[in-house]
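Novice: Below is a structure I'd like to ask you about.
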Amino acid sequence: MKNINVVFMGTPDFCVPILDALIKEYNVVAVVTQPDKEVGRKKNIIYSPIKNKALEHGIKVLQPIKIKNEYQDIINLNPDIIITCAYGQIIPEIILNLPKYGCINVHASLLPKLRGGAPIHRAIIDGYDKTGITIMYMDKGMDTGDMISKVEVSILDCDTALTLHDKLKQKAVELLTNTLPLIISGKNQRQKQNEKEATYAYNISREDEHVDFNETSRDIYNKIRGLNSWPGAYAVLDDKNIKLWSSKIGHDKYNEKPGTIVSLDKNGMKVVTKDGSILITQIQIPGKKKTNIKDFINGVKKEDYLNKIFK
């Protein structure tokens, strides 16, 4: 359908295979993504993954600082359809009403569950056993538009944010590829969301990254894997922020205060929780690389850590 003009809006790696699929079947006239970032002391300019992919194919790139005020270039393109996925800004109504086939969004949850900017992380952190992809018409609310199609994905107990991200990324491509012809032909379904079932997946804050060992072992386990491999969970030990990258739920119970390190060996660092214990198996000390506990203990004295308390 190369006669269908598409504007694609997105930013992270999750969107790249979607753009690849669109390029093969449609005329992608522009990509809209977030402004470039300055990184590090040298303030090196970093392009978003979706910008790199667009430039690779010679596609026009637009990077409004605030799209609510900077949308004329999109209007001038007169797209037949606008497709968004993890773009990161609220689209103004003048753009939502522009294309004849509408503005549709590819969202990484089973709406109305987990509306918002961090549905992959929150699905694991909040203990969901399944999530998925929803394709929906956009409206002025946050992921509140009418749903068009869905696909479910099971969340395994071993899944992390990274593994779930990769599973959903593939499902998003498949679902969009199958749904777009129905939208263009007018044969798609349209279902309103049930507001009573809505939950929210707000962006991860620094406070969200902190592990509180006064929580249950299961909640801590879910938080650690739900933040792996970005941005990472942490707890404070000796006034240092220690990243906690992987763990196992323990089955022993202790009388010590939650957060107390009660054992340290090749199997992990066992820490007391509200209802038992958790075994930390991979950590990262500030200024160092991630390391498995079995390697970490080779360079430290165990007695320096035993009975210390994470805060």
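Novice: Would you tally the residues in the stretch 125-157 being of a type in the set (Val, Ile, Thr), farther than 14 Å from Leu168 by Cβ and in contact with a Ser or Thr (Cβ under 8 Å, 6 or more places away or on another chain)?
Specialist: 1
Novice: Mind listing just one residue for me: the one in the stretch 204-228 that is assigned to a loop (DSSP other than H, G, I, E, B) and in contact with a His (Cβ under 9 Å, 6 or more places away or on another chain) and, of those, surrounded by the most Cβ atoms within 10 Å (Cβ to Cβ)?
Specialist: Of everything passing the filter in the stretch 204-228, Leu227 is surrounded by the most Cβ atoms within 10 Å (Cβ to Cβ).
Novice: Lys243: surrounded by fewer than 20 Cβ atoms within 10 Å (Cβ to Cβ) and touching a residue at least 24 places away in the same chain (Cβ under 8 Å), yes or no?
Specialist: In short, no.
Novice: Could you tell me whether any residue of the stretch 231-253 is part of a loop (DSSP other than H, G, I, E, B), within 30 Å of Leu111 (Cβ to Cβ) and not hydroxyl-bearing (Ser, Thr, Tyr)?
Specialist: yes
For every residue, the table says whether it meets (1) over 24 Å from Gly132 (Cα atoms); (2) buried (at least 22 other Cβ atoms within 10 Å of the Cβ).
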{"site": "Ile4", "(1), (2)": "yes, no"}
{"site": "Ile18", "(1), (2)": "no, yes"}
{"site": "Val39", "(1), (2)": "yes, no"}
{"site": "Pro49", "(1), (2)": "no, no"}
{"site": "Leu55", "(1), (2)": "yes, no"}
{"site": "Ile67", "(1), (2)": "yes, no"}
{"site": "Gln72", "(1), (2)": "yes, no"}
{"site": "Leu77", "(1), (2)": "yes, no"}
{"site": "Ile90", "(1), (2)": "no, no"}
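Novice: Moving on. Taking the stretch 288-311, which residues are part of a loop (DSSP other than H, G, I, E, B) and either in contact (Cβ under 8 Å) with a residue 12 or more places away in the chain or more than 33 Å from the chain's Cα centre (by Cα) (or both)?
Specialist: Lys290, Val300, Lys301, Tyr305, Leu306, Asn307, Lys308, Phe310, Lys311
Novice: While we're here: Could you please let me know if Asp143 is modelled with pLDDT of 95 or more, in contact with a His (Cβ under 6 Å, 6 or more places away or on another chain) and assigned to a loop (DSSP other than H, G, I, E, B)?
Specialist: The answer is yes for Asp143.
The values are calculated or read from the model by the stated rules, or taken from the named source; none is laboratory data. In this text the structure is predicted, and so the values were computed from the model without any measurement. Backbone-built Cβ (ideal geometry, glycine too); neighbour counts: all protein chains shown.
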